[in-house]
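Chemist: First the structure, which I've put down as structure tokens, then a few questions once you've had a look.
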Amino acid sequence: MSVLEFPDGSSNDFPEGAVFFDVLSTLPRSVQKNAVAVKLDGDTHDLREEIDEDGSFVVITGSDSEALEVLRHSASHLMALAVKELYGDVIFGIGPAIQDGFYYDLKLDHTFTPDDLEKIEKKMEEIRKENPDFVRKTLSRDEAMEFFREENQPFKVELIEDLDAEEVTIYTLGSFTDLCAGPHVPDIRMVKAFKLLSVAGAYWRGDENREMFQRIYGTSFGSKTELEESLRRIEEAKKRDHRKLGSSMDLFNIYEEAGGGLVFWHPRGYTLRETIENYWKQKHREKGYDIIMTPHIARSDLWKQSGHYDYYRENMFVIKGDDEEEMVLKPMNCPYHILIYKRELRSYRDLPIRYAELGTVYRNERSGTLHGLLRVRGFTQDDAHIFCSPEQLDREIDKCFDLAHEILSDLGFSDYEVELSAHDPEKLDQYAGSREEWVAAENALRKAIEKRDLEYSKIEGEAVFYGPKIDLKLIDALGRGWQATTIQFDFNLPRRFDITYVNENNEKKYVYMIHRALLGSLERFIGCLTEHYAGKFPLWLAPVQVRILPVSEHQKEYAEECLAAMIKKGIRAEVDSRNEKLGYRIRAAEVDNIPYMIIVGDREIEEGMINIRSKSTGREGSLELEKFINDIVDEIEKKG
RNA sequence: GCUGGUGUAGCUCAGCUGGUAGAGCAACGCAUUCGUAAUGCGUAGGUCACCGGUUCAAAUCCGGUCACCAGCUCCA
């Protein structure tokens, strides 16, 4: 007998052999109808499962996130069944629920095209109407292996081989039986709003040396309305795509003639970039950084000494002419900064030394990974290396956080996720540097996060061999995360280059080296910024801040006068005096995401005023030119 | 790099099973001189990504290359 305690405080007991369905029948009809699965002491269970322990009992219903996961998992089984019925011999991989939907990995002779997705959807709908039972069964490990061997499902057999458990569960839906821990919906008809989205290749268990499956992605919701809402959001996100906005706003382009992953900044895009760069430089000077600039190439020997030549080779562009010494196009700035540090003997009195560079690096990323501005082959890191003593560690890390926060919030990002990558205590011998150094470094990072009450996840064993690090993921207007800031320790390069300082006891010590990039790369950051603002950049960043529209040709001269006055004050303005109606040119300015339009007609000339229309609020009325210029200069100053 | 898809005018796209290309927007010209999200008419614009093959004939079929898209992998 098991005793279940309900959320309202009441409890009830159930005889041996009872399943969770039996519990449901004691509950209101509305709950019965919408029950997807149940939770006992926090663990999710299938309704078909036997109750074998006491505990606090909750029904998962409707569209809460746990229900959604069950629903989507069941949808993936439904899809697998549909594919099996349509195409016959299918070898199945795995088919889990994921963040925004589900997928199933399938192997079959037929290669799917987008048209097939519709066909499969139709079949799924048919099956759903037939309403086959979803049956759960427990088998011993051997029975299960035998079963899947007979079914010719080698990957399922492999999965069982790697399981610890003595017993496994299988779920049968129509002619499709799958190894699956569940839970699943009690009735397949509950999967009523689904859509198949795309098909792509995926390696078995993510291993590129193993078989490739065809993966069909889909999504599913509790109701058709929610599904439509989600599809609408996907469309919205597409409209914000920085690649699309980048060309429609004429910010940048990537030219096939030049090669993939190489960004050409057009005048407007460069204006935006330059604004960010100037702001960045000013901030860094204020915070005690020395700004430097280093060459794009260097002799291979330097990269041999740094270790990149051996460990990073496949990502490096190596150049060699006839009879010439081999050179490397720099993939990182660190060795260069180290050379500058090393040029003289350093005393503890010199520290900390902070070298910052907008350093352009080139990495030969694999062709399939390139993606707009977010993944490129040539990019400019907002890089800096801080050389300091152990006593200065905490303060330097703290200052990095302050600066990152200041810059990111000025640029419009105030939310981020924090990830601390720490060492694996069991594998300490695989890391560069001493235990003391790692502990001190990780503590400095942790203290800086905790001081700011930031939530963070600490991942042990995630650190690379040369040092622990912190990454900040920016959360944009759509709630998506973007990898930007990184603060990393390096215990490797100081040893390889023997970079030291002399402490107060006249001892030579390895210097602590901190590598940090706040925006990450300008390319990636601007891509992310574009999507965050959907191209509607705030005034101080907007490539064109003001567009002046004379109502007709007669006011052209006045418009030019206004323009000259604005340009004199550093405002990025232009005149659109094309032979088109005012409404047409207003629309063009709206489409170009220009923050302010100035409209001048005979009325304005007579009154000595200008008429303002702002992108965000529409018509704003008349103002004196000088007043407007002062206002706008103020607004730019405030980074509005 | 791998799997699949795509590549036609500056942009968005049409062009069925082979018979040397079409629309809208943009550009340009003319008319219009206009008051807060698209004035009308006209003109021009394409080695159909590139290279090779099949064919009397290729944007269309086949092979290769490049690029892009969705993923996978990678991101010491």
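Chemist: Can you pull the one-decimal nm distance between simple spin-label points at residue A:417 and residue A:637, each 7 Å off the Cα toward Cβ?
Modeler: Taking the two extended label points, one gets 4.0 nm.
Chemist: Hand me the GluC sites (Glu not before Pro) from the range A:157-235 located in a DSSP loop with no more than 10 other Cβ atoms within 10 Å, in residue order please.
Modeler: Loop-located and lightly packed - A:166, A:208.
Chemist: May I ask what percent, to the nearest 5, of DSSP beta bridges between residues of the range A:361-476 are antiparallel?
Modeler: Expressed as a percentage, antiparallel bridges in the range A:361-476 total about 65.
Chemist: Work out how much length residue A:122 to residue A:480 would gain on full extension: take 0.36 nm times their residue separation and subtract the Cα-Cα distance, in nm to one decimal.
Modeler: Extra length from residue A:122 to residue A:480 when fully extended: 125.7 nm.
Chemist: If you take every residue apart from residue A:453 with its C-beta less than 15 Å away from the C-beta of residue A:453, what net charge results, scoring Lys and Arg +1 and Asp and Glu -1?
Modeler: -2
Chemist: Relative contact order, percent, of chain A when contacts are C-alpha pairs under 8 Å separated by at least 6 residues?
Modeler: Relative CO of chain A lands at 9 percent.
Chemist: Sticking with this structure for a sec: Which of the residue pairs A:195/A:458; A:239/A:638; A:536/A:581; A:536/A:638; A:129/A:195 have a Cα-Cα distance greater than 27 Å in the structure shown?
Modeler: Pairs exceeding the cut-off: A:195/A:458; A:239/A:638.
Chemist: Restricting attention to the range A:171-270, which chymotrypsin sites (Phe, Trp or Tyr not before Pro) occupy a DSSP loop and are surrounded by at most 11 other Cβ atoms within 10 Å?
Modeler: Within the range A:171-270, the qualifying chymotrypsin sites (Phe, Trp or Tyr not before Pro) (loop, at most 11 other Cβ atoms within 10 Å) are A:255.
Chemist: If you don't mind, another one. Name the residues whose placed amide hydrogens come within less than 5 Å of the amide hydrogen of residue A:203, ignoring near sequence neighbours (fewer than 5 apart) on the same chain.
Modeler: Residues meeting the amide H criterion: A:213.
Chemist: If amide hydrogens are placed 1.01 Å from N in the peptide plane, which non-local residues have theirs closer than 5 Å to the one on residue A:500?
Modeler: A:511
Chemist: For chain A, with only Lys/Arg (+1) and Asp/Glu (-1) charged at the beta-carbon, what is the dipole magnitude about the Cα centre, in debye rounded to 20?
Modeler: The calculation lands at about 2460 debye.
Chemist: Hey, any idea what the orientation-averaged projected area of the convex hull of the range A:2-61's Cα atoms comes to, in nm²?
Modeler: Over every viewing direction, the Cα hull of the range A:2-61 projects on average to 3.5 nm².
Chemist: Among A:308, A:259, A:28, whose Cα projects farthest towards the positive end of the dipole of chain A, with charges put on the beta-carbon of Lys, Arg (+1) and Asp, Glu (-1)?
Modeler: Going by the Cα projections, it comes out as A:259.
Chemist: Among A:355, A:110, A:515, whose Cα projects farthest towards the positive end of the dipole of chain A, with charges put on the beta-carbon of Lys, Arg (+1) and Asp, Glu (-1)?
Modeler: Selected residue: A:355.
Chemist: Something else now. Work through the residues other than residue A:291 whose Cβ is under 10 Å from its Cβ and net out their charges, Lys, Arg +1 and Asp, Glu -1.
Modeler: Around residue A:291, the surrounding residues sum to +1.
Chemist: Quick check: net charge around residue A:473, other residues with Cβ under 11 Å of its Cβ, Lys/Arg +1 and Asp/Glu -1?
Modeler: Value of the local net charge: -4.
Chemist: Where in chain A are the DSSP H helices whose alpha-carbon span along the long axis reaches 30 Å or more and whose Kyte-Doolittle mean is at least -1.0?
Modeler: Within chain A the helices that satisfy the rule are A:65-87.
Chemist: If each Cα of chain A is one equal point scatterer, what is log10 of I(q)/I(0) from the Debye formula at q = 0.06, 0.08, 0.09, 0.10 Å⁻¹?
Modeler: -0.50, -0.85, -1.01, -1.13
Values in this text are rule-based calculations from the coordinates and carry no lab data. Remember, it's a predicted structure, so these values are computed and weren't measured experimentally. Positions of Cβ are backbone-derived with ideal geometry, glycine not excepted, and every protein chain shown enters the neighbour counts.
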